[in-house]
1. Let me make sure I get this right: for region 69-193, a, b and c are the square roots of the gyration tensor eigenvalues over alpha carbons, sorted descending. Under 1.5 in a/c it's rounded, otherwise prolate if a/b > b/c, else oblate. Which is it?
2. Carbon and sulfur: what percent of the chain's accessible surface (1.4 Å probe)?
3. Farthest toward the dipole's positive end in the chain, which of ALA156, ILE71, SER61, given Cβ charges of +1 (Lys, Arg) and -1 (Asp, Glu) about the Cα centre?
4. To the nearest 0.05, what FRET efficiency results for SER108 and PHE208 with a Förster distance of 35 Å applied to their C-beta separation?
5. Calculate the dipole size of region 95-221 relative to its Cα centre from +1 charges on Lys and Arg beta carbons and -1 charges on Asp and Glu beta carbons; express the result in debye to the nearest 20.
6. Stokes-Einstein at 10 °C, 1.306 mPa s, Kirkwood radius from Cα pairs: D for region 142-221 in µm² s⁻¹?
7. Could you compute how much accessible surface VAL111 exposes when probed at 1.4 Å, giving the result in Å² to the nearest 10?
8. In a Debye calculation with equal point scatterers on the alpha-carbon sites of region 127-186 and no solvent, what is log10 I(q)/I(0) at q = 0.15, 0.17 Å⁻¹?
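The values are calculated or read from the model by the stated rules, or taken from the named source; none is laboratory data. All of these numbers come straight from a predicted model, not from anything done at the bench. Here the Cβ positions follow ideal geometry from the backbone for every residue, glycine too, while neighbour counts run over all protein chains shown. When the accessible area is computed, the model is the full protein with side chains, heavy atoms only, and any ligands, DNA or RNA have been set aside. Shrake-Rupley method; radii C 1.70, N 1.55, O 1.52, S 1.80 Å.
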Amino acid sequence: SRYPCLFMSVISNNQLAGAAGQGGADAGFKIDRSLRFNSGDSSYLSRTPSTAGNRKTWTWSGWVKRSQLGILQTLMQLYPSGTGYTRIYFAAGDNLEFDATDASGGNSADVKTTRVFRDPSAWYHIVVAMDTTQATAANRLKMYVNGVQETSMATATYPAQNVDYMFNYAGAHNIGRHSANQQYLNGYLAEVHFLDGQALAATDFGEFDDNNVWQPKEFTGSYLTTA
């Protein structure tokens, strides 16, 4: 078994205590600090796993506060030279989008929400979970925003069944930029998790409070995988 990569934002003073800035149903868990990304500084995070993990099944979860709209901005991306790619990003129209190919450049997937995300004052909790072993195409890639699964898609080319895509390849995983096209993130990230070998739901990372506002909660699952 192995541990997956886990990115945790740990600096700056932009505090997050739930989407509305209040203590949630689990009032003991607050995200005190976030990491600010500024395209003018070419800021990003990167990690290269020493060995490949499960390329069929994974989960990305993070709290995002946008500070620029109307341009493509990367949340996480992997594009090794001479292979395929996988990325999660805000499209130029401010939709949330996932697209990918396998290592040969085939089996293209492209899933983009109809809904747009244009509130620079809001924290959005985003969960993207892939599991290409699922028989139903729409179950192979799920997106959640603030606890609700996105089911209305402007583009809906789901991953092919049982295909290995590029996340968890032994290459550089970039947070906040596209390695070939730049496309830096302008905004804040906090409490970012990437889990190898598990396709989880938003409820593993958050919960609704008594006012029906989505709030962060402590992740109590395991990061181990047998992949």
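1. Working: a/c = 1.75, a/b = 1.19, b/c = 1.47.
It comes out oblate by the Cα gyration axes.
2. Values: 4100 of 9510 Å².
Carbon and sulfur atoms account for 43 percent of the accessible area of the chain.
3. In the chain, that residue is ILE71.
4. Numbers: r = 36 Å, r/R0 = 1.02.
According to the calculation, E is roughly 0.50.
5. Details: 7 positive and 15 negative charges, 71 e Å.
So the magnitude is around 340 debye.
6. Working: Rh = 15.7 Å.
Translational diffusion coefficient: 101 µm²/s.
7. Its heavy atoms expose roughly 0 Å² to the probe.
8. Relative scattering, expressed as log10 I(q)/I(0), comes to -0.62, -0.78.
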